[in-house]
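**Q** The following block contains the structure, expressed as structure tokens.
The values are calculated or read from the model by the stated rules, or taken from the named source; none is laboratory data. Predicted, not measured: the structure shown is a model, and the values here were computed from it. Every residue, glycine as well, gets a Cβ built from its backbone with ideal geometry; the counts of neighbours run over all protein chains shown. Ligands, DNA and RNA are excluded from the accessible area calculation, which covers all protein heavy atoms including side chains. Shrake-Rupley method; radii C 1.70, N 1.55, O 1.52, S 1.80 Å.
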Amino acid sequence: MQSSQPSTRRVIIVGASSGIGAELARLYARDGARLGLIARRQDCLEALCAELGPGTEMVVADAANLESLSAALDLLDARLGGADTLIYNAGINYMSREWKKETEVLAVNNGGFVVAATWVHAHFRDKPQARFAGISSIAAIRGSGPSPIYGATKAFMCNYLEGMRKNLFRSGQRWSVSDIRPGFIDTDMTRGQKGMFWVAALDKATRQIYRAIEDRKRVTYVTRRWRLIAWVMRVIPEKIYYRV
Ligand code: NAI
């Protein structure tokens, strides 16, 4: 599908300090977009802004601090002269069953996501070219043994994003909502973890994510072969799923 491009894109990325978020920022900058970057780590954001040059704005904010994230989105929207793309990429995972850790995952992966999703609902209504994307995960498909909270937060995102698409369809709005479901990608999140396979290089995976958002895809597995794993995960009976 051919995507029609307005003159200068204005893109906000929540969770831009490393990995997929930072790489997406590089791709959009290369295409001449103006960028608004949000993350907690000021030094990483400053280094990325210096690398990307003029046209890149940043706000240091914790996605788990909902007031501060909401204010950061408003501030960047004003600085960019009206965002037309918002990517919710911030995400964490702890292999820990302490409630403080698990609720932190909930706050970043879902609390901040809801702030972003409601923000676009209010701001993209009259922008048919606008795009909203959430980076969920293959882990959304079935319950995750090593980290039940992580899979559950990603399943929440997938369900919410589908609800948004239904809402857009029924209200006749034309902006797009993309659910990006990565398998394993070589980033800080996966480095050193056991049981990884089909680990994709960051640049290859991010190019596919970028393309999916620009082409207004509804659901995309990254890399593409993970669609097969998703299908297998869906169809295998629970007793077999426990063993793999
Ligand atoms: P990463 O650890 O390099 O990136 C995590 C990003 O989240 C960083 O850019 C950071 O700025 C942001 N972030 C974390 N906590 C934050 C907070 N409290 N406030 C604001 N920003 C915060 O790892 P990666 O892989 O680039 O992760 C990006 C997204 O992709 C995450 O949502 C992750 O769950 C998802 N994902 C990654 C997979 C992988 O294999 N690397 C697989 C499936 C999903």
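**Q** Looking at 35, 48, 52, 75, which one is open to solvent by 20 Å² or more (accessible area, probe 1.4 Å), in contact with a helix residue (DSSP H, G or I) (Cβ under 6 Å, 6 or more places away or on another chain) and of a type in the set (A, V, I, L, M, F, W, C)? Working first, answer last.
**A** Details: 35 fails: open to solvent by 20 Å² or more (accessible area, probe 1.4 Å); 48 fails: open to solvent by 20 Å² or more (accessible area, probe 1.4 Å); 75 fails: in contact with a helix residue (DSSP H, G or I) (Cβ under 6 Å, 6 or more places away or on another chain).
Among 35, 48, 52, 75, only 52 is open to solvent by 20 Å² or more (accessible area, probe 1.4 Å), in contact with a helix residue (DSSP H, G or I) (Cβ under 6 Å, 6 or more places away or on another chain) and of a type in the set (A, V, I, L, M, F, W, C).
**Q** So, one more: Within the set of pairs 6 or more residues apart or between chains, which connect a residue that is under 12 Å from residue 91 (Cβ atoms) inside segment 184-198 to a residue that is modelled with pLDDT of 95 or more and acidic (Asp, Glu) with Cβ atoms less than 9 Å apart?
**A** 187/23
**Q** Do any residues in segment 36-63 that are at pLDDT below 95 have Cβ atoms under 7 Å from those of residues that are hydrophobic (A, V, I, L, M, F, W, C), where the two are at least six apart or on different chains, and which pairs are they?
**A** From residues that are at pLDDT below 95, the pairs are 55/35.
**Q** So, in segment 120-144, of the ones that are part of a loop (DSSP other than H, G, I, E, B) and away from the ligand (no atom under 16 Å from the Cβ), which residue ends up most open to solvent (accessible area, probe 1.4 Å)?
**A** Here is the first cut: in segment 120-144, the ones part of a loop (DSSP other than H, G, I, E, B) are 124-130, 136-137, 141-144.
Pick out the ones that are also away from the ligand (no atom under 16 Å from the Cβ) and you get 124-130.
Details: 124: 0, 125: 120, 126: 136, 127: 64, 128: 67, 129: 71, 130: 1 Å².
Ranking the qualifying residues of segment 120-144, first place goes to 126.
**Q** List, please: which pairs have Cβ atoms under 6 Å, are six or more places apart or on different chains, and start with a residue in segment 84-95 that is in contact (Cβ under 8 Å) with a residue 40 or more places away in the chain and end with one that is open to solvent by 20 Å² or more (accessible area, probe 1.4 Å) and near the ligand (Cβ under 6 Å from one of its atoms)?
**A** 89/20
**Q** Could you count how many residues in segment 208-235 are under 19 Å from residue 128 (Cα atoms) and open to solvent by less than 40 Å² (accessible area, probe 1.4 Å)?
**A** So the answer is 5.
**Q** Name every residue in segment 82-112 that is open to solvent by 60 Å² or more (accessible area, probe 1.4 Å) and farther than 22 Å from residue 177 by Cβ, in order of residue number. Before the answer, list the steps.
**A** Restricting attention to segment 82-112, the residues satisfying the condition of being open to solvent by 60 Å² or more (accessible area, probe 1.4 Å) are 94-95, 97-101, 103-104, 106.
Of everything in segment 82-112, those that are open to solvent by 60 Å² or more (accessible area, probe 1.4 Å) and farther than 22 Å from residue 177 by Cβ turn out to be 94, 95, 97, 98, 99, 100, 101, 103, 104.
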